[in-house]
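See below for the structure under consideration.
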Amino acid sequence: MRKHHSSINARNKKTPGFIITGDGISDDFYSLLQAQNIRLKRVLFLADKKTFQIGGDKVIKTLRAKKILVIKKSISKSDIKTVERVEQLIRKIKPDGLIGFGGGKVLDVAKICAGKNNIKFISIPTILSNDGIASPVSVITDKHGIPISHLTRPPYGIIIDYSIIKKAPLRHLRAGVGDLISNLSAVYDCRLGFRVKKEKISPEILALAEAGAKRLLEIKHKNIKSKEFLECLCDGLLKSGLAMCLVGSSRPSSGSEHKISHSLDYLFPPRRTLHGEQVGIATIFTMALQKNRFLSAVRRLCRKINFPQKISYLGISENDFVNIVLNAKKIRPERYTILETKKLNKKEIKDIIRKLNL
Ligand SMILES: [Zn+2]
């Protein structure tokens, strides 16, 4: 009986079983799986129109050459309907593996479908726009167009090929920087909660969550697509995801700045700005509230890589932002952050915005 239980635990892994990064490694995808002792016979392969072209089809070809049955499914959205459609397909074809090749949308759908149906999910990100690559969180938009976070299993395996990531639009990589630096604000809030006994995440996990962001602040390169920058970004986003896996929630990577971004999602859907852009701008605001010692370094980094630092970039007015911040306390009220400590009024929020020149 006991033995049986332990095998269930092994299947319901809390952290990814393997992470492999390198240049051009997806060309020999089959060997990578073999080296991990993964033998698949029927694979559901999720990608979108573009990611099939930039490498997805090539991977499929190598799998089919080894007599693996691969069913292709192209998806364009990460909403509930798409999840239902993919789940229907899973019930029909009963795959023993799910491969996701794409950006956040493709991987979020793949992650939640694999988790719900207990299938091995191998993730191949084509962009690094947020820290969802190794996390147990999947973001799916509901019928009102509002993105909702669901807790599920992290990918079984993650393969990051820099030669593919380098082709990603600069804007998406920049958003990845925004999501990573937001951890400095989130971890500050966790420590704040820890001091008033409303949080119990271990200091080691918090150090893991902020490690990547701290390293990024030190980087000399301006060019996001340089090897050094990309590796640093990727490493930081993976660590952020692993910290979430270890805690079993997004808490170490999501504090007041994510509350503000979620509040923006709720009040002004559908969003055209990326999650990482939203949390990045919100981070400047929350770090100022926190008197966070990394604020000036964060702003220097933003200037260096042309990260947007204006509220107007979000397509909203200053008054809208004030309301978003006031509403943010209603988002995940159990999470204690600087917003709960400060209890700001309209004028105070406006004063901060002007002082920061947001
Ligand atoms: Zn995030």
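General observations
- Residue count, region 178-206 (criterion: on the phi > 0 side of the Ramachandran plot and either touching a Lys or Arg at 6+ places or on another chain (Cβ under 7 Å) or in a helix (DSSP H, G or I) (or both)): 0
- Within region 15-40, the residues that satisfy the criterion of being at negative phi, of a type outside the set (A, V, I, L, M), part of a loop (DSSP other than H, G, I, E, B) and touching a residue at least 60 places away in the same chain (Cβ under 8 Å) are 15, 16, 17, 23, 36.
- Annotation: residue 60 fulfils all but one of (1) surrounded by 24 or more Cβ atoms within 10 Å (Cβ to Cβ); (2) assigned to a helix (DSSP H, G or I); (3) of a type in the set (A, V, I, L, M); the unmet one is (1).
- Complete set of residues in region 67-115 that are among the basic types (Lys, Arg), in contact with a helix residue (DSSP H, G or I) (Cβ under 8 Å, 6 or more places away or on another chain) and farther than 23 Å from residue 39 by Cβ: 77
- When residues of region 207-259 are limited to those that are in contact with a Cys (Cβ under 9 Å, 6 or more places away or on another chain), in a helix (DSSP H, G or I) and within 15 Å of residue 128 (Cβ to Cβ), the one farthest from the ligand (Cβ to nearest atom): 215
- Count of region 251-278 residues which are crowded, with 24+ Cβ neighbours inside 10 Å, small (Gly, Ala, Ser) and under 20 Å from residue 140 (Cβ atoms): 4
- A count restricted to region 310-322 and to residues that are surrounded by fewer than 18 Cβ atoms within 10 Å (Cβ to Cβ) and touching a residue at least 24 places away in the same chain (Cβ under 8 Å) stands at 6.
- Any chance residue 90 is farther than 17 Å from residue 44 by Cα and over 16 Å from the mean Cα position of the chain (by Cα): no
- Pick from region 279-295, criterion away from the ligand (no atom under 14 Å from the Cβ) and over 14 Å from residue 356 (Cα atoms), ranking: surrounded by the most Cβ atoms within 10 Å (Cβ to Cβ): 294
- The number of residues in region 141-189 being within 24 Å of residue 221 (Cβ to Cβ), surrounded by fewer than 21 Cβ atoms within 10 Å (Cβ to Cβ) and among the hydroxyl-bearing types (Ser, Thr, Tyr) comes to 2.
- Selection status of residue 153, away from the ligand (no atom under 15 Å from the Cβ), in contact (Cβ under 8 Å) with a residue 12 or more places away in the chain and not assigned by TED's automatic domain parsing to the domain that holds residue 106: no
- Residue 282 vs. criteria in the same structural domain as residue 329 (by TED's automatic domain parsing), in a helix (DSSP H, G or I) and over 22 Å from the mean Cα position of the chain (by Cα): no
- Screening the candidates 79, 96, 48, 27 for the property of being modelled with pLDDT of 95 or more and within 19 Å of residue 167 (Cα to Cα) yields one hit, 48.
- Check on residue 316, within 13 Å of the ligand (Cβ to nearest atom) and not assigned by TED's automatic domain parsing to the domain that holds residue 149: no
- Check on residue 334, among the acidic types (Asp, Glu) and either in contact with a strand residue (DSSP E or B) (Cβ under 9 Å, 6 or more places away or on another chain) or farther than 25 Å from residue 224 by Cα (or both): yes
The values are calculated or read from the model by the stated rules, or taken from the named source; none is laboratory data. The model shown is predicted, which means the values in this text are computed figures rather than measured ones. Positions of Cβ are backbone-derived with ideal geometry, glycine not excepted, and every protein chain shown enters the neighbour counts.
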